[in-house]
Amino acid sequence: MFSIGHLSDLHTTPVQPESVRELLNKRVTGWLSWRLRRRHIYRPEVLEALIADLGETSPDHVVVTGDLTNVALESEFRAARDWLDRIGDPERVFVIPGNHDAYVRVPRAHALDQWRAYLASDPAGGAAPEALQYPTVRRRGAVAIVGVNSARPTPWFLATGEVGREQRERLEALLGQLAAEGLCRVVLIHHPIVDGATTRRRSLRDAAEVREVLRRAGADLVLHGHNHRTQLAKVPGPEGPIPVVGVRSASYLGDKPHKRARYHLYDFERADAAGPTRFRVRMRARAFDPESGRFAPAGDEEL
């Protein structure tokens, strides 16, 4: 048995620019949104409860599918690194970026490089790679976790994503290699890949091409965030449908119960019988309860 905890869309980093110049771009709308609304509904005390609950449920690995920041300020990346350090060691925590982490173009040294240990693949030959190249991958026992980067800076009022041709080609080759190794392949991506899962201005531009890669190469599970809702779907694979699951924000405490903070736990076991289903996957939801201030069970499902 191997378990993964999946959380996404933390959004609790304070938006406190160090100079007015940092807001002379698309960030100004995000700063206004944070001042008027977002800081009141994405709450650090919920993340505190989440970290405590992860300590109790103790998954073998934790994955975060992006949007740790709000408008990609350098100070936000530092604050998000503090949250990651509290969630767990980089050997146990794996992160991919979301669209808010690519809100505007920022030099990597002032942004994602601050999370480098959490973003990186397993070192090859005992040495860290010189530069991150997506997809990233971590092998943990019989499970391979594949990180796909769909985060791209976008014009004002857009939150779209794109994987891109070169990354898709590498993804297809990697999924084939991992299948040959007999591993359970879990794909992480920030944006949903299913048609109609979100509006056009928030969509993955090359979702159809990504689905085609999965149809040819296969995967055992796809996990995403972005929509702040629990979403269960399936896409075609070479040996049958592939489950696709979206998770809510890990910190939301607004007035919409269907969006209230959750995270998911996944248990992986090899299937006993020969056939297209090589692994059994069970999802266990954990939901924040405002009355107790704790996370609690919210149902489970076989995928």
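Kindly put F157, F295 in sequence by how many other C-beta atoms sit within 10 Å of each C-beta, fewest to most. Display every interim value, and only then the final one.
On the way: F157 8, F295 23.
In increasing order of surrounding Cβ atoms, one gets F157, F295.
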Bins of 5 Å, starting at 0 and running to the largest distance - Cα pair percent for segment 151-303 = 2, 8, 17, 19, 18, 15, 11, 6, 3, 0, 0
Relative contact order [Cα under 8 Å, 6+ residues apart], segment 2-302, whole percent = 19
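Over segment 4-154, what is the relative contact order in whole percent, taking alpha-carbon pairs under 8 Å and six or more residues apart?
Numbers: 216 pairs, mean separation 37.4, N = 151.
Computed over segment 4-154, the figure is 25 percent.
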Globularity ratio of segment 1-150, using Cα Rg and 2.2 N^0.38 Å = 1.07
How large are Rg and Dmax for segment 1-77 when only the alpha carbon atoms are used, in Å?
-> 15.1, 51
What is the spin-label model distance, in nm, from D122 to M1 if the labels are put 7 Å beyond Cα along the C-beta direction?
-> 2.3
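Can you compute the charge dipole magnitude of segment 74-159 about its Cα centre, using +1 on each Lys and Arg Cβ and -1 on each Asp and Glu Cβ, nothing else charged? Give it in debye, rounded to the nearest 20. Before the final figure, lay out each step's value.
On the way: 11 positive and 10 negative charges, 41 e Å.
Approximately 200 debye in magnitude.
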Bins of 20 Å from zero: percent of alpha-carbon pairs in segment 2-302 | 36, 59, 5, 0
What helix-only [θ] at 222 nm does the chain give? Using -39500 (n - 2.57) per DSSP H run of at least 4, over all residues, to the nearest 500, the answer is -6500 deg cm²/dmol
As a percent rounded to 5, the proportion of antiparallel DSSP bridges among beta bridges in the chain is 60
Taking Cα atoms only, helix 74-87 is inclined relative to the longest principal axis of the chain by an angle, in degrees rounded to 10, of 50
Of the residues S150, S292, S121, which exhibits the maximal mean-square fluctuation in a Gaussian network model of the chain defined by a 10 Å Cα contact cut-off?
-> S292
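Please return the longest range in the chain lying between exposed loop sites, taking GluC sites (Glu not before Pro), DSSP loop only, at most 16 other beta-carbon atoms within 10 Å, and leaving the sites out. If you can, show how the numbers build up before the last one.
Numbers: sites that count: E18, E91, E130, E181, E239, E291.
It runs 19-90.
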Residue order, fewest to most beta carbons within 10 Å, for I242, I51 | I51, I242
Grab the alpha carbons of segment 42-98, take their convex hull, and tell me the volume per residue in Å³.
-> 81
Would you look at the GNM of the chain, springs on alpha carbons closer than 10 Å, and say which of G218, G293, G196 moves the most?
-> G196
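Please give me the summed charge of the neighbours of L7: other residues whose Cβ is under 11 Å from its Cβ, Lys and Arg +1, Asp and Glu -1.
Residues near L7 contribute 0 overall.
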For segment 228-287 and segment 160-174, distance of Cα centres in Å = 22
Charge dipole (debye, nearest 20) of segment 2-302; +1 at Cβ of Lys and Arg, -1 at Cβ of Asp and Glu = 980
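Each value in this text was obtained by applying a stated rule to the coordinates, not by laboratory testing. What you see is a predicted model, and the numbers here were worked out from it, not measured in a lab. Virtual Cβ from ideal backbone geometry, glycine too; neighbours counted across all protein chains shown.
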